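A short worksheet on the structure shown next.
The values are calculated or read from the model by the stated rules, or taken from the named source; none is laboratory data. Bear in mind that the values here come from a model prediction, so they are computed numbers and not experimental data. Cβ: placed from backbone, ideal geometry, glycine included. Neighbour counts: every protein chain shown.
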Amino acid sequence: MKKYLLCIFLFSYTFSYAQRAIDYVNPFIGTAAHGHTYPGATVPFGMVQLSPDKGSQGWDWCSGYNYSDSIIQGFSHTHLSGTGIGDLCDISVLPVVGKQPSTDKILSHFSHGDEKASPGYYSVVLKDFNIKAEFTADTYCGFHRYTFPEAKDAMIRFDLGFAINWDAATSCGFKRINDSTFTGYRFSTGWAKDQRVYFAVRLSKPVKSVAFFEDKARVARDEVSNKNLMACMMFDTKPGEVIEMKVALSNANVAGAVAALNKESAIGFDAAKKNAETLWENELEKMTVKSTNKDLLQNFYTALYHSCLAPVTFSDINGNYKGVKGNEVKSAKPVYSIHSLWDIFRAEAPLFTLFQADRVTDIVNSYYAFYEQYGLLPIWDLGFNETNTMTGYHSIPIISDAIMKNIPGVDAAKLYDAMMKSAMQNIRGSDVYRQYGYVPQDKYGSSVTVTLEYAYDDWCIAQVAKKLGKTADYNVFMKRSGSWSNLFDSGIGFTRAKNADGKWVLPFDPYYSEHDPDKAMFTEGNSWQHSWFVPQDVYGLIAAHGGDAKFIGKLDSLFTVSSQLTGANVSNDISGLIGQYAHGNEPSHHIAYLYNYAGMPFKSAERASYIAKNLYTTKPDGLCGNEDCGQMSAWYVFTAMGFYPVNAASGEYVIGSPLLNETKLKMSSGKTFRLTAKNLTDKNIYVQSATLNGKPYTKSFITHGDMQKGGELVLMMGARPSLSWGVKPADRPGK
C-alpha cells in the first residue's frame, strides 16, 4: 500500500512539474470564433510575429488567421493578437512549386493534422505544393525553413501588396543586393495611418532567377517600387531539399533591418528555435504552479503566454524607430508599441508589475516618448500612430500604478505633467465632461462610458498628485473622480445618459446596445455591464444602491437575468454572457470580485471560479471574446492564482478562489511569493481561513507591497462558504 501511495504521489508531482512550462502552451487556443489570436512564431514582446494568413477578410480574421479555414495565402511577419480591428500582416511570403512567376492570387489547402504550434515555432504542410513550411523567430528576425519536393520551378514569392481588412499598402520597395540577399520596405495605411516596415532577406541557397512585378507589369530591374509589388525568387530543388531564409525587420530604416540580419548570420533554424524556446521558458517560469489538472495547466500557461505577446518591441536593433510625425527617432532604451490601453489597464498592466518591472519601466517611458512627440499620452498606439480607438485615456492608470508602486526608472514628476496635459485636453468629450461634470449624450457619443472612465482616470491622477504633495490638484481630481454619480439613477440602480439640460435620455432600456460609438450611450455594451465601473469608489456605489444587501441583490441579478440584448445594431463584442455579465468584453472583468466589498467574498469565489472553469477551454474556441492583446488571458492568470486587481491602480488584489494548488512567483523585487491553497478540490472553492507568513490573515485582499516582500499566503479551502473570513468592514478591500 505504501508503495502504491508513493507511486500516486510521484505521478501527481511529475504531472505538475516534469514538463517545461512551454510544453503546456497551446497557441491554437483563441484562434477560432472571436478570440482573434494567431498561432505563429514569435518571442516575448518581439517585433516579429511570423504567422499564416488565410487571405479572408472580416472581423474574425483580424489576426489574419481563423481556425475554421483550410487555406493559406501566405505567411507574414507582423500580426495583432486578439484585437477587434485588422491591420499589419506585413511582408507576406509563400513558397510554391508548379507555378510560373505572376501576380495571380495563389492559395494552398492545408490540414490541421499537418499543423503544429508551440512557443517560438509554427509549421504546416502546404498540401497543394507538398511543401513543409516551418518558422521560428527572435526579437527582430523571422526564420523560415521550407522542405521542397523535386522541382524545376520552385519559388518563394514575396507579396508586399497583401493586406487584410483596414490595411492597404501605399508604397513598397524591393532591391536585389546579390543572389541570396535582398532588402525592401512596405509602407501602408489603415487603422495605423502611417505604418512603415523595412526588411532584409538572406537565403541559404542562391536564387536561380528573380522576377519582379510592379503592379501587374513584370520589370527587368534589380530595384523596384510600387504600392503593389511582388518578388518571385526561383530555384531548382531536389527531393526533400531544404531552403532556409531569414527576414529581419526595422520600423526605422533598411540599415536597422540589415544590422539585425547580420547579427543572425551564423545562426541556423534549429539554433534559433532553441533560443526562442529558451526565451519563452525564462519568461513563463517566473510563475511556477502546481496542479494535477492538465487542462488547467494548459489554460494557465497559454494565458501567461498570450499576455506576453504585446506590447511589441518597436525600436530596432540600433535603437531607432519611426516617430509619431514620421521622423526617425533614436532611443537608448527599448521602445514599445501596440498598446491596447482600454483593455490592458485592467489586468495585464498590473500583472506586469508583479514580474516584469524592468519592462514596465520601458513601457511607461514609451508612453512618455509618445507624449513628447504628439503632445498627449496615447489612447491606442499602433506603430506610434494615434488611432484614437476606444474611450478614456487609460495610459494614466498604468502610469499611476507604476508610480504608486515605486517602479524604478519611472520619473513621477515629468509623467505627472503629461497626465495633467491629457486630462485637460479639449477633444474626445473631455471639454464637456469638465463643463457639465458628466458627458452629455447630445454633446458626445458613448457618453456614459466616457464619463465613468474619465472619472476613474481622474482618481488615478489624484493619487499621484497626493504622492507628489500637490494638495490642490488632489482635491480637484478627487472631486472629478466622483462624476460617475451624476449619471447614476439610484431610483433604478443603473447608470444612464443625460443630455446637456440635465434631463435623462428617454427611453431607457438597460438591455439596449448600440455599436456605433457616436449613437451609443455605452461603448460595446449596455447599462447592465457598464453600471459597475466605479472601481475607485465601490463604497460610494454600494451606498448609491442603498447599502450592502441591495447592492448584493442587484449584483446577483446581473448574473441571473435574461441574456437577451435589444437594439438593431447590437455590438458583436458582447459575448461570453452569464445573464448580462459579458466576460467576452473587458468592462465586465472586475465585476465578479465586487462581492468582497460588500462583505460576501464567498460569492466572488463562486462567480470567478465558474467563469474561469466554463468560459476558458483548451480548444481553439477556448476564449469567449477578443483576446485584446493579453487582457482576456491576464484575467485568467490572476483568477487561477486566486486574486484580481479590481482597481487596477490601487495596489490591492482582491481574493477570490484559486484554481491552482500552489503558485510561486518570482517577484520583480527579487523575492519569491508563494500562494498555497490547501484542501483545494472542485468542490472546495471557498476560503475558510488564511495565514500570511504564518500569522492569521483575515483580509479578503492582498497588497502589492506585501507580495513584493516575499513570503507565503496560505488559504484553507472548504466546501461551504465561510460566514466570518473577510466579512468585517475592516477586512474589505478599498478602505
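The criterion of at least 1 residues that are in the same structural domain as Gly142 (by TED's automatic domain parsing), at pLDDT below 95 and of a type in the set (A, V, I, L, M, F, W, C) is met by none of the strands (runs of 3 or more DSSP E) falling completely within the range 232-346.
Yes or no, residue by residue, for (1) among the basic types (Lys, Arg); (2) modelled with pLDDT under 95; (3) under 18 Å from the mean Cα position of the chain (by Cα); (4) at positive phi:
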| site | (1), (2), (3), (4) |
| --- | --- |
| Ala612 | no, no, yes, no |
| Tyr616 | no, no, yes, no |
| Cys624 | no, no, yes, no |
| Gly630 | no, no, yes, yes |
| Trp635 | no, no, yes, no |
| Gly642 | no, no, no, yes |
| Ser657 | no, no, no, no |
| Leu660 | no, no, no, no |
| Leu665 | no, no, no, no |
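Taking Leu80 as the residue in question, decide whether it is under 29 Å from Glu281 (Cα atoms), of a type outside the set (Asp, Glu) and not assigned by TED's automatic domain parsing to the domain that holds Gly584. So Leu80 passes the test. Considering only residues in the range 624-677 that are of a type in the set (Ser, Thr, Tyr) and in a helix (DSSP H, G or I), the one that is farthest from Ala612 (Cα to Cα) turns out to be Ser633. Thr139 falls short on exactly one of the conditions (1) out of contact with any Lys or Arg (no Cβ under 9 Å at 6 or more places or on another chain); (2) farther than 24 Å from Tyr336 by Cα; (3) among the polar types (S, T, N, Q), and that condition is (2).
For beta carbons closer than 7 Å, sequence separation of 6+ or different chains, a first residue in the range 210-224 that is assigned by TED's automatic domain parsing to the domain that holds Asp104 and a second that is acidic (Asp, Glu), the qualifying pairs are Val224/Glu214. Of Tyr438, Tyr444, Tyr393, Tyr367, all but one fail to be in a helix (DSSP H, G or I) and outside the structural domain of Ile85 (by TED's automatic domain parsing); the exception is Tyr367. Pairs linking a residue in the range 459-475 that is assigned by TED's automatic domain parsing to the domain that holds Ser485 to a residue that is of a type outside the set (Val, Ile, Thr) and not in a helix (DSSP H, G or I), with Cβ atoms under 7 Å and 6 or more positions apart or on different chains, are Cys460/Ala649; Gln463/Ala649. In summary, helices (runs of 4 or more DSSP H) completely within the range 520-601 and bearing 1 or more residues that are within 21 Å of Pro733 (Cα to Cα) and without any contact (Cβ under 8 Å) to a residue 40 or more places away in the chain occur at 538-545, 548-560. Residue count for the range 221-231 under the criterion of being in a strand (DSSP E or B) and either at pLDDT below 95 or of a type outside the set (Asp, Glu) (or both): the result is 6. Can you pull out every residue in the range 664-691 that is in contact with a helix residue (DSSP H, G or I) (Cβ under 7 Å, 6 or more places away or on another chain) and under 10 Å from Leu713 (Cα atoms)? Passing the criteria: Phe673, Leu675.
Residue by residue, here is whether (1) out of contact with any strand residue (DSSP E or B) (no Cβ under 6 Å at 6 or more places or on another chain); (2) among the β-branched types (Val, Ile, Thr); (3) closer than 20 Å to Leu249 by Cα holds:
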residue: Ile72; (1), (2), (3): no, yes, no
residue: Ser76; (1), (2), (3): no, no, yes
residue: Leu80; (1), (2), (3): yes, no, yes
residue: Leu88; (1), (2), (3): yes, no, yes
residue: Val93; (1), (2), (3): no, yes, yes
residue: Gln100; (1), (2), (3): yes, no, no
residue: Asp114; (1), (2), (3): no, no, no
residue: Ser118; (1), (2), (3): yes, no, no
residue: Tyr121; (1), (2), (3): no, no, yes
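Take the residues of the range 554-595 that are more than 16 Å from Val534 (Cα to Cα) and of a type in the set (D, E, K, R): which is modelled with the highest pLDDT? Out of the qualifying residues, it is Asp556. Test Lys613 against the stated conditions and say whether it is of a type in the set (D, E, K, R), assigned to a helix (DSSP H, G or I) and in contact (Cβ under 8 Å) with a residue 40 or more places away in the chain. Taking the combined requirement at face value, the residue satisfies it.
When restricted to residues that are of a type outside the set (Lys, Arg) and assigned to a loop (DSSP other than H, G, I, E, B), the range 678-688 contains 6.
For the range 226-267, the set of residues classified as of a type outside the set (A, V, I, L, M, F, W, C), in contact with a Gly (Cβ under 6 Å, 6 or more places away or on another chain) and either closer than 20 Å to Tyr140 by Cα or surrounded by fewer than 17 Cβ atoms within 10 Å (Cβ to Cβ) (or both) consists of Ser250 only.
Taking the listed residues Ser633, Ser650, Ser700, the one that is more than 22 Å from Gly599 (Cα to Cα) and in contact (Cβ under 8 Å) with a residue 60 or more places away in the chain is Ser633, with no other qualifying. The numbered conditions (1) out of contact with any helix residue (DSSP H, G or I) (no Cβ under 7 Å at 6 or more places or on another chain); (2) at pLDDT 95 or above; (3) among the hydrophobic types (A, V, I, L, M, F, W, C) are all true for Ala357 except (2). When Thr691 is tested against (1) of a type in the set (S, T, N, Q); (2) more than 21 Å from Asn293 (Cβ to Cβ); (3) out of contact with any Lys or Arg (no Cβ under 7 Å at 6 or more places or on another chain); (4) buried (at least 19 other Cβ atoms within 10 Å of the Cβ), only condition (4) is not met. Would you confirm whether any residue within the range 226-245 is more than 19 Å from Met155 (Cα to Cα) and touching a strand residue (DSSP E or B) at 6+ places or on another chain (Cβ under 6 Å)? Scanning the range 226-245 turns up at least one residue that is more than 19 Å from Met155 (Cα to Cα) and touching a strand residue (DSSP E or B) at 6+ places or on another chain (Cβ under 6 Å). Exactly one residue out of Gly705, Gly710 is within 26 Å of Pro408 (Cα to Cα), touching a strand residue (DSSP E or B) at 6+ places or on another chain (Cβ under 9 Å) and surrounded by fewer than 18 Cβ atoms within 10 Å (Cβ to Cβ), and it is Gly710.
Among the residues making up the range 203-220, those that are assigned to a strand (DSSP E or B) and surrounded by fewer than 21 Cβ atoms within 10 Å (Cβ to Cβ) are Leu203, Ser209, Val210, Ala211, Glu214, Ala217, Arg218, Val219.
Would you confirm whether any residue within the range 376-386 is in a helix (DSSP H, G or I), of a type outside the set (Val, Ile, Thr) and surrounded by fewer than 24 Cβ atoms within 10 Å (Cβ to Cβ)? Give the steps one after another, and end with the answer.
Here is the first cut: in the range 376-386, the ones in a helix (DSSP H, G or I) are none.
Checking the range 376-386: not a single residue is in a helix (DSSP H, G or I), of a type outside the set (Val, Ile, Thr) and surrounded by fewer than 24 Cβ atoms within 10 Å (Cβ to Cβ).
Of the residues that sit in the range 571-624 and are closer than 19 Å to Asp537 by Cα and of a type in the set (A, V, I, L, M), which one is surrounded by the most Cβ atoms within 10 Å (Cβ to Cβ)? So, considering only residues that are closer than 19 Å to Asp537 by Cα and of a type in the set (A, V, I, L, M), the one surrounded by the most Cβ atoms within 10 Å (Cβ to Cβ) is Ala592. Of everything in the range 458-489 that is touching a Phe, Trp or Tyr at 6+ places or on another chain (Cβ under 8 Å) and acidic (Asp, Glu), the residue that is surrounded by the most Cβ atoms within 10 Å (Cβ to Cβ) is Asp458.
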